[in-house]
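Beneath this line is the structure, given in structure tokens, with notes to follow.
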Amino acid sequence: MPRIQLAELTAFAAVAEHRSFTRAAQGVGVATPTISQTIRSLEERLGVRLFNRTTRSVALTEAGERLLVEVQPILIGVERALESVNAFRDTPAGALRLAVTRPFATMLIAPLVQPFLAEYPAIRLEIAAMDAYRDIVRERFDAGIGVGERVERDMTALRITDEFKMLAVAASTYLEGRCPPETPKDLHAPTACGCGGTGPSSPGPLRRAISRPRSRWRAIWW
């Protein structure tokens, strides 16, 4: 069975409805010779005549009437399906799934959730806070928010914050009797806690040693 295109069935239904190639062409938005050629090609591929036509009239054959009965519900269903999709264009709606690194989820995204849902009540917002990189396409996320420059091919990246430095802090009592860390690897101690990351700066040395401010916190920058 030859593969029939939707445009051919749409042209066929238009000619059947208007009983005129000229009016059907106007309704579909193509030239009359184009729709005539489309119907002729459809008949040739099906191996049957769908219309009897003269210079004054156009009428369906028995085969054409049978095809119209089967095709009309399909075309109506396609039109309804397209209209249902148009609703997403006019008013944002449906599920929006975001994969967000844990620090951004709490500091950046959390304060924006209520204002966002108030402005777009038809959207169902799903946020997955993550500690490591995830394949957002394979896991069916709509977008991902994280730190770094790792972007897969064919994906679009958009900066949403200014550049910032990562900061690790430790209490004075924690550092007593311990060697000051020199690299991020030294922070992987059993008693340490914090947010991990896979940014490009992680493996390198700490750019500044532990400072000794007057406060009870001491900072490490890299």
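Computed from the coordinates by the stated procedures, all read-outs in this text should not be read as laboratory data. No experiment lies behind these values; they were computed from the predicted model shown. Virtual Cβ from ideal backbone geometry, glycine too; neighbours counted across all protein chains shown.
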- Proxy exposure order for 97, 124 (fewest C-beta within 10 Å first) is 124, 97
- Item | Residues residue 63 and residue 125, FRET efficiency given R0 of 35 Å [Cβ-Cβ distance, rounded to 0.05] | 0.10
- Tell me the label-point distance for the pair residue 49, residue 174, using the 7 Å Cα-to-Cβ offset, in nm and rounded to one decimal. 8.9 nm
- Return the FRET efficiency for the residue pair residue 137, residue 88: r is the Cβ-Cβ distance, R0 is 25 Å, and the value is rounded to the nearest 0.05. 0.80
- Cα-centred dipole magnitude for segment 94-145, charges only on beta-carbon of K, R (+1) and D, E (-1), debye, nearest 20: 80 debye
- Message: With unit charges on the beta carbons (Lys and Arg positive, Asp and Glu negative) and the dipole taken about the Cα centre of segment 6-89, which residue among 30, 81, 12 sits farthest to the positive side?
- Response: 30
